[in-house]
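> Handing you a structure now.
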Amino acid sequence: MPLRPAPISPHGPDHISGPNAKTKMPWIRTISISEATGRLARSYEAAVARAGRVFGIVRAQSLAPAVLDASLGLYQKIMYAPEGLSRRQREMVATIVSRANDCHY
């Protein structure tokens, strides 16, 4: 099957989407699990306990462990709040938003 040009993205000229596209991604320096110490090591251990692994979105914040912890805390408050939407509905909204943002998380 021949390659077709990627469609123009509403996200700007550097964002390429479509089945044959290669997305341009910035490189973000991260701290690996084996290199993590102190607060970051504890955050990584919690991530593994919670999700079975340390996802890229967590590693992307590894240079600022306090920000990482605050971000995960906010996520947990939103996703596990006792009032409002059910957890299932919240996950559904998160999935739809991620898809709209062309994000596989």
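Any read-out appearing in this document is the output of simple, stated calculations on the displayed coordinates, not a laboratory observation. Just so we're clear, the structure is a prediction, and the values are computed from it rather than from any experiment. Don't worry about glycine lacking a Cβ; one is built from the backbone with ideal geometry, like all the others, and counts go over all protein chains shown.
> Give a quick list of chymotrypsin sites (Phe, Trp or Tyr not before Pro) in region 53-98 that DSSP marks as loop, anything other than H, G, I, E or B, with at most 14 other Cβ atoms within 10 Å.
Qualifying residues, ordered by number: PHE55, TYR80.
> Residues of region 42-77 with the amide nitrogen closer than 16 Å to a label point 7 Å from the Cα of ARG90, along Cα-to-Cβ, please.
It comes to 50-51, 70-77, nothing else.
> Per 0.36 nm of contour for each residue apart, how much would the distance between MET79 and HIS104 grow if the chain were fully extended, relative to their Cα-Cα spacing?
Roughly 7.2 nm would be gained on extension.
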